[in-house]
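Notes for the one structure printed next.
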Amino acid sequence: MTAPERGSVKVPPLPLPVPFESVALLRSKSTSTSWRARDPEGLDVVVRVGAELEGWRGIPLARLAAALWDARAVTAPIAHERAVLERLAGPGVPALAPGYGEQERLLVTSWIDGAPLADATPLAPPRGRRLLRALLEVTARAHAVGVVHRDISPSNVLVDAHDEARVWLIDWELAATPQRRPFGPVGTRGFIAPEQLALRAQPRREVTAAADVFAIGATLYYALTGRVPYGRTSLAIVNGEPLDVRAVPEELRSILQAMLARDEAERPPDAAAALALLDDRDTAFPVVRRPVAMPLADLLARVDAGDVVTAARGLDAIALNNGAGAALGYAYLAARLGDPEMAATLLLGAPGDDPLRTAIARHVTGLPSADGARDAASPCPRTATLHAEADWRDGAWVAAYQRVLPHLDRTLTQDALRHRVDALTRDAETLSGRLEVAVWASLLAVTTPAGDARGRYEDLAIVAYPGPGHDPLRLADHAFVVAAGGRLDQHASAVARVLAEAGDYGAHERLGVLLDGFEDDVEARCASLVELGLRAAIDDALAQLPAERWRCRARLQLATGRRDEARVTLERVHGDARQSPAFCSVHMAQLIQAGRVDAAVHVYDRAAATLTAEALARLTPLAGLALVRARQLDRAETLLPALEASDASSLARRVAALVRRSGVRAE
């Protein structure tokens, strides 16, 4: 789900429906086509025909978009714009033609006999002042009911052909309302407010009415001078050269300087406040510049939070004493704003082997990392995310998984995963793409509080999963078990059985935790959480397990290295359960982890006196491991036939190899 693109796009137009008669094709985009037409009564109208927007693999777009970005407006853009125009009915806003409100993909408005402001520049100063007032009055009415246009520019302002003081503000498709909050840095470059550009760095940042104030100021500046105020590159808009007002009439300089403040906190908060300022030019707008003296690490955190203007000012402040640090910070800012060429240039001023510099360089240049092992183990979520994004570009999504795994609780990481799923669900019919969606959606599900949002991520993981046997590393298989457990119990259990039969629980086996079947899908899901390395989700699962689920609890505790907690869990087991193969297996694993290998051998010997041969055979791998570590090699070798049997588990085969190597060393 990308936000609808701006301007004309060379795509086949959608046909004009009956009973309208075509006059001219105005614009064709991937989401809609706009026609000038005549209605059955011979009146000129604008007809916008919407494309049928579909979700991905059968998931309704309304559900899919909301899972990623809380972007309901993008799922029904025409209905959204109609609702906005109904709310704003009045001067300066296109009037809805009656009789078409029930048609979901059809928007009909009266034809406006006006020309785009872009065609009327440069304006004389008196006309510029009248234009500013007219635009602010229209926008103030919108702001009063909670509507933010988000894309005011000369192309979206029509000037009456017969009355230059009369204007219309058009194209409300991307407007934000209290009920609908579209996502993304939409708008026209050069007129877009810096905080809207920051949505690339922090897509969940709210855009306020101050963004429209900036856009109106930029529109007037362009109308007066023929130039955009700060240029069109991201860094120039955020913190480039100061505003040049020499070509602006003196009576409009003060108001434009206030409206075009880069920091939204220093701007009139809405159009009504800008109107008040326009009526009293001698009164300075009361603002307080926010402090920017802070360490580089805090400034980078500001970038991550989307407060890019404050971050840029802070980087300016530290440049005098730390030029390399400022260059590194600016390079990170440029990378986050989607300007890789500028980021690469700025890195030239930040020499060294700082991990963040390495990550930025790889992110923006595509060059391989010089030290992949170190990068993969990055303790910094910022660095890890940059490398993960480079891994995605290189098709190495498993490497990206290892990078993001330690940082799943960070907003930065979660937003990166949303970006990735967004891209994949637009073009993910390849097997690799489906495997990725299953994994990333499952990770987002386990990091999201229970509710509708978690359900949407689980939907994504379930419909993306292609079935067992496609992912050699089994990440997608375990992700499906996690996402489907509790919803598609039968299917989740079936996949878990396939994994168990294939011995694909390597994380458990590396810690000597044997999985000899699952009581239910809860136990299977917990085991897959361990295989995926989702520590926070494991903690949640432990908190919810009742005391009688001692086997599952002890397995989780041992698989996450909590052997003392596992010991306490086992001590609370009483009666016949202590003689069961399951208890002996978990008890031996706990003792081996604790280094009490002689005690583990004793448990095995005691079990040999009570268990059947078949049940005892399930303990053989742990017995072999304990005997080797207890230096009882002769006895360990007696277990080799069972450990090397054709139906032996992968752990048993590994223990057999260990027994043979230990015997050779002893000789």
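The values are calculated or read from the model by the stated rules, or taken from the named source; none is laboratory data. For clarity, every value in this text was computed on a predicted model and none was experimentally measured. Cβ sites come from the backbone with ideal geometry, for glycine too, and all protein chains shown count toward neighbours.
Cβ separations smaller than 7 Å between residues 6+ apart or across chains give the following pairs from region 111-140 residues that are more than 26 Å from Pro98 (Cα to Cα) to residues that are of a type in the set (Phe, Trp, Tyr): Thr121/Tyr222.
Of all the residues that make up region 542-586, how many are at positive phi and under 32 Å from the mean Cα position of the chain (by Cα)?
From region 542-586, those at positive phi are 561, 575; that's our starting set.
Remaining after also requiring under 32 Å from the mean Cα position of the chain (by Cα): 561.
Qualifying residue count for the region: 1.
Between Pro203, Pro229, Pro178, the distinction of being part of a loop (DSSP other than H, G, I, E, B) and buried (at least 24 other Cβ atoms within 10 Å of the Cβ) belongs to Pro229 only.
Here is the figure for region 1-55: residues that are assigned to a strand (DSSP E or B) and either among the hydrophobic types (A, V, I, L, M, F, W, C) or modelled with pLDDT of 90 or more (or both) total 17. For the condition touching a residue at least 60 places away in the same chain (Cβ under 8 Å), over 30 Å from Thr413 (Cβ atoms), of a type in the set (A, V, I, L, M, F, W, C) and buried (at least 19 other Cβ atoms within 10 Å of the Cβ), Ala37 does not qualify.
Of all residues being in a loop (DSSP other than H, G, I, E, B) and at pLDDT 90 or above in region 260-294, which is surrounded by the fewest Cβ atoms within 10 Å (Cβ to Cβ)? Just the residue, please. Reasoning before the result, please.
Just the residues of region 260-294 that are in a loop (DSSP other than H, G, I, E, B), to begin with: 260-263, 267-270, 280-294.
Add one more test, that the residue is at pLDDT 90 or above, and what stays is 260-263, 267-270.
Details: Leu260: 21, Ala261: 23, Arg262: 23, Asp263: 19, Arg267: 25, Pro268: 26, Pro269: 15, Asp270: 20.
If we take residues in region 260-294 being in a loop (DSSP other than H, G, I, E, B) and at pLDDT 90 or above, then Pro269 is surrounded by the fewest Cβ atoms within 10 Å (Cβ to Cβ).
If you go through region 212-226 and keep only what is at pLDDT below 95 and either within 22 Å of Gly314 (Cβ to Cβ) or surrounded by fewer than 21 Cβ atoms within 10 Å (Cβ to Cβ) (or both), you end up with Thr225, Gly226.
Could you please tell me which pairs satisfy a Cβ distance under 8 Å, a separation of 6+ or placement on different chains, a first residue in region 335-359 that is more than 14 Å from Thr233 (Cα to Cα), and a second residue that is of a type in the set (D, E, K, R) and in a helix (DSSP H, G or I)? Sorted first by the residue in region 335-359, then by its partner, the pairs are Leu347/Arg357; Ala350/Arg357; Pro355/Arg374; Pro355/Asp375; Leu356/Arg382; Thr358/Asp375; Ala359/Asp375; Ala359/Arg382. Conditions: (1) free of Cβ contacts under 8 Å to residues at least 24 places away in the same chain; (2) within 19 Å of Ala65 (Cβ to Cβ); (3) of a type in the set (S, T, N, Q). Thr425 meets all but one. Number of the miss? Looking at each condition in turn, Thr425 falls short on (1).
Among the residues of region 420-437, those that are surrounded by 17 or more Cβ atoms within 10 Å (Cβ to Cβ) and within 15 Å of the chain's Cα centre (by Cα) comprise Arg420, Val421, Asp422, Leu424, Thr425, Glu436, Val437.
Criterion first (in contact with a helix residue (DSSP H, G or I) (Cβ under 8 Å, 6 or more places away or on another chain), within 27 Å of Ala450 (Cα to Cα) and either among the polar types (S, T, N, Q) or not assigned by TED's automatic domain parsing to the domain that holds Leu651 (or both)) does Val522 satisfy it? When the stated conditions are applied, Val522 passes them.
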